[in-house]
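Quick notes on the structure that follows.
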Amino acid sequence: MYHMLHFCYAFEDYKETADWLLAQTELRPKVAVICGSGLGAFAELLENQTAIPYKDIPHFPQSTVQGHAGRLVFGEFDGKPCVCMQGRFHFYEGYHISKVTFPVRVFHLLGVQTLIVTNAAGGLNQDYKVGDIMFIKDHLNIPGMAGLNPLGGLNEERFGVRFPCMSDAYDKDICSIAMETAKELGYAPFIQQGVYTMVAGPSYETIAECNMLRMLGADAVGMSTIPEVILARHCGLRVFGLSLITNKVVKDYDSHEKANHEEVLRTSQHRAENLQNLVSCLVAKIG
Ligand SMILES: O=P(O)(O)O[C@H]1O[C@H](CO)[C@@H](O)[C@H]1O
């Protein structure tokens, strides 16, 4: 059990990992991408790639969830260097919250300036359809409100300030570029902009919880992303986030629908190509 005041990692641990990675590749990425459930095929498109299994990287946790391959891939899109997490870590896997977010600070030390986070999420907004892509404009940090924030404990000033601002968490300029890119690709009919909320998981939400989350103003719900975004903003990275709406949450007691990870992975596969095109064009534009 970790005490709140104890870091799970010291600054030197992040630095050791970053230096180890810098010795594995000549690429110096300015953009990092975290792939959500079933969305990791994106990394296969990277040119000149160096792929490193998480198990070989000092201090890195392991991926335990289906649809998260567990490799860090360095490569290029249109000559723009990028590093991509093929698989993320979730709190419900049993990792301390600072472990879930470990790679984000490593990216910062690698020289990354922009983080793109992707996830699979359940649609709470009834206007959303399965297969829609929601650009995240804001978030509701439910575990954070219950005391589970990745910045809890002593502040590491070498990364950022004690009380970072979150009202500007999602970069409006990158979101506009992403919208423009989606239009160019003909994807506008299935793009949404909305609020993502995180629950700790791994159980999916009850009907009452879904209704509550919707009432609170959330458009989509998942079990990830927000801790990564908070750590990224703390150390000054610009953030763009998107959710693939893989299922509609159940909000009606007469419904026979049941949330399940197989459906999540099926929808991810169905939209994988669109997402890959969108994110790769975005990396090429902002990298
Ligand atoms: O957020 P990502 O990693 O995309 O995965 C989402 O899909 C899984 C549930 O089906 C949960 O892990 C949820 O967070």
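The values are calculated or read from the model by the stated rules, or taken from the named source; none is laboratory data. As the structure is a prediction and not an experimental result, all values here were calculated from the model. Here the Cβ positions follow ideal geometry from the backbone for every residue, glycine too, while neighbour counts run over all protein chains shown. SASA here: full protein model, heavy atoms, side chains in, ligands and nucleic acids out. Shrake-Rupley method; radii C 1.70, N 1.55, O 1.52, S 1.80 Å.
A few points about this structure:
- Under a model in which nothing but the beta-carbon of Lys, Arg (+1) and Asp, Glu (-1) is charged, the chain shows a dipole of about 240 debye around its Cα centre.
- Overall, the accessible surface of segment 11-286 at a probe of 1.4 angstrom is composed of carbon and sulfur to the extent of 51 percent.
- Our summary gives the chain a relative contact order of 26 percent, counting only alpha carbon pairs under 8 angstrom and 6 or more residues apart.
- P(r) tail fraction, segment 199-287 - alpha-carbon pairs more than 22 Å apart, %: 42 percent
- Overall form of segment 108-148 per C-alpha gyration tensor (a/c, 1.5; a/b vs b/c): oblate
- Charge dipole of the chain about the Cα centre (unit charges at C-beta), most positive-ward option of LEU45, ILE286, ALA208: ILE286
- Cα shape, segment 1-88, gyration tensor, a/c 1.5 rule: oblate
- Inter-centroid distance (Cα atoms) of segment 73-93 relative to segment 107-132, Å: 13 Å
- Whole-angstrom gap from segment 231-246 to segment 138-209, using each part's C-alpha centre: 6 Å
- The dipole here belongs to segment 130-242: it is taken about the Cα centre, uses +1 on the Cβ of Lys and Arg and -1 on the Cβ of Asp and Glu, and is about 160 debye.
- The helix-only estimate of mean residue ellipticity at 222 nm for the chain, built from DSSP H runs of length n ≥ 4 each weighted as -39500 (n - 2.57), is -9000 deg cm²/dmol after division by the residue total.
- Cα-centred dipole magnitude for segment 21-136, charges only on beta-carbon of K, R (+1) and D, E (-1), debye, nearest 20: 320 debye
- Under the shape rule built on the C-alpha gyration tensor, where the axes satisfy a ≥ b ≥ c, the chain is oblate, since a/c reaches at least 1.5 while a/b does not exceed b/c.
- Positive-end extreme of charge dipole, the chain - chosen from GLY152, GLY67, GLY186 (charges on Cβ): GLY152
- Per residue accessible area of the chain, 1.4 Å probe, in Å²: 44 Å²
- Listed residues ASP254, ASP13, ASP219, most fluctuating in the chain (Gaussian network, C-alpha, under 10 Å): ASP254
- Sparse-neighbour loop sites [GluC sites (Glu not before Pro); segment 142-207; at most 15 other C-beta within 10 Å; DSSP]: GLU157
- For segment 214-287, the set of GluC sites (Glu not before Pro) satisfying both a DSSP loop assignment and a count of at most 12 other C-beta atoms within 10 Å is given as GLU257.
- Where both bridge residues fall in the chain, DSSP classifies roughly 35% of the beta bridges as antiparallel.
- When you filter the trypsin sites (Lys or Arg not before Pro) in segment 206-287 for DSSP loop state and at most 14 other Cβ atoms inside 10 Å of their Cβ, you are left with LYS258.
- With semi-axes defined as the square roots of five times the eigenvalues of the C-alpha gyration tensor, the equivalent ellipsoid of segment 92-185 measures 27, 19, 13 Å, largest first.
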